[in-house]
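The values are calculated or read from the model by the stated rules, or taken from the named source; none is laboratory data. None of these values were measured; they are calculated from a predicted model. Neighbour counts run over all protein chains shown; Cβ positions are idealised from the backbone, glycine included.
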Amino acid sequence: MRRRRGRERSRRWRVVLALLAAGAVLLASACEPGRAAPVTVTLNVVVPGACFITVAAPVGGASFTPTASGGIASLNDSTTSGLLVSNLFTLNETCDKKYSIVIAAQNGGTLKGTGGNTDVLSYQIDYDPSGTNSVFTPSAAGVTAASKLPKTGAGGVSKQVAIRINAAFVSPDTYSDVLTITQTVP
């Protein structure tokens, strides 16, 4: 029993002496007389991405009613042939990096009537008619209206979104579709 205690004491003293020796070496190497050891600080600033879109009334064209999830664009169409072209809404885009705009249509480019009305109106979307001028038939899966757009300023950019309806002789009704506009970042 005495031997075990003696070994434990001797082991403890060796550990204490080793720690004291290591501390003395650190102190001696860290400080020169009259001068403190330098320290470094790494500074990291995290800036989250800021990309968002909003919709507003168009410049001329459809009447626009804002809603919590976007808005409702309404047109009156009295043409029975030809092409009706009208601005639907203004898309305000803000992004701090390159981005794309994807537009999907619930009915895939078809304006459908209500109730039992089987008449339809086909249409196309014209994204940014005075700029990019991307004309396409929307699909349920979505169509990229514009890609690799440059980052915007903090105030964003405004682009018109227009509709091109192929007029037809259809029953009087309210014809509609739901568009989903998504801003994607590569």
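If the condition is being buried (at least 17 other Cβ atoms within 10 Å of the Cβ) and in contact with an Asp or Glu (Cβ under 9 Å, 6 or more places away or on another chain), then the range 108-134 contributes Gly109, Leu111, Gly113, Leu121, Tyr123, Ser134.
Counted as qualifying within the range 112-168 are the strands (runs of 3 or more DSSP E) with 1 or more residues that are over 18 Å from the mean Cα position of the chain (by Cα) and touching a residue at least 12 places away in the same chain (Cβ under 8 Å), namely 120-127, 134-136, 157-166.
Conditions tested, residue by residue: (1) touching a helix residue (DSSP H, G or I) at 6+ places or on another chain (Cβ under 9 Å); (2) acidic (Asp, Glu); (3) over 14 Å from Ala140 (Cβ atoms).
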site: Asn87; (1), (2), (3): no, no, yes
site: Lys98; (1), (2), (3): no, no, yes
site: Ala104; (1), (2), (3): no, no, no
site: Gly109; (1), (2), (3): no, no, no
site: Lys112; (1), (2), (3): no, no, no
site: Gly115; (1), (2), (3): no, no, yes
site: Asp119; (1), (2), (3): no, yes, yes
site: Gln124; (1), (2), (3): no, no, yes
site: Asp128; (1), (2), (3): no, yes, yes
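In the range 60-80, the residues that are free of Cβ contacts under 8 Å to residues at least 60 places away in the same chain and under 15 Å from Ala162 (Cβ atoms) form Cβ pairs under 9 Å with partners that are surrounded by fewer than 10 Cβ atoms within 10 Å (Cβ to Cβ) and of a type outside the set (Lys, Arg), at six or more places apart or across chains, as follows: Ser63/Asn76. Of all the numbered requirements in (1) of a type outside the set (S, T, N, Q); (2) out of contact with any Leu (no Cβ under 9 Å at 6 or more places or on another chain); (3) surrounded by 13 or more Cβ atoms within 10 Å (Cβ to Cβ), Ala105 misses one, and that requirement is (2).
On the given criteria, is Thr90 out of contact with any Lys or Arg (no Cβ under 6 Å at 6 or more places or on another chain), free of Cβ contacts under 8 Å to residues at least 60 places away in the same chain and outside any loop (DSSP other than H, G, I, E, B)? Before the answer, list the steps.
Values: out of contact with any Lys or Arg (no Cβ under 6 Å at 6 or more places or on another chain): yes; free of Cβ contacts under 8 Å to residues at least 60 places away in the same chain: no; outside any loop (DSSP other than H, G, I, E, B): yes.
Here the answer is no, as Thr90 does not meet what is asked.
Does at least one position in the range 69-86 carry a residue that is farther than 30 Å from Pro186 by Cβ and under 24 Å from the mean Cα position of the chain (by Cα)? Yes, because at least one residue in the range 69-86 is farther than 30 Å from Pro186 by Cβ and under 24 Å from the mean Cα position of the chain (by Cα). Residues in the range 22-60 that are part of a loop (DSSP other than H, G, I, E, B), over 27 Å from Cys95 (Cα atoms) and of a type in the set (Gly, Ala, Ser) were compared, and the one that is modelled with the lowest pLDDT is Gly34.
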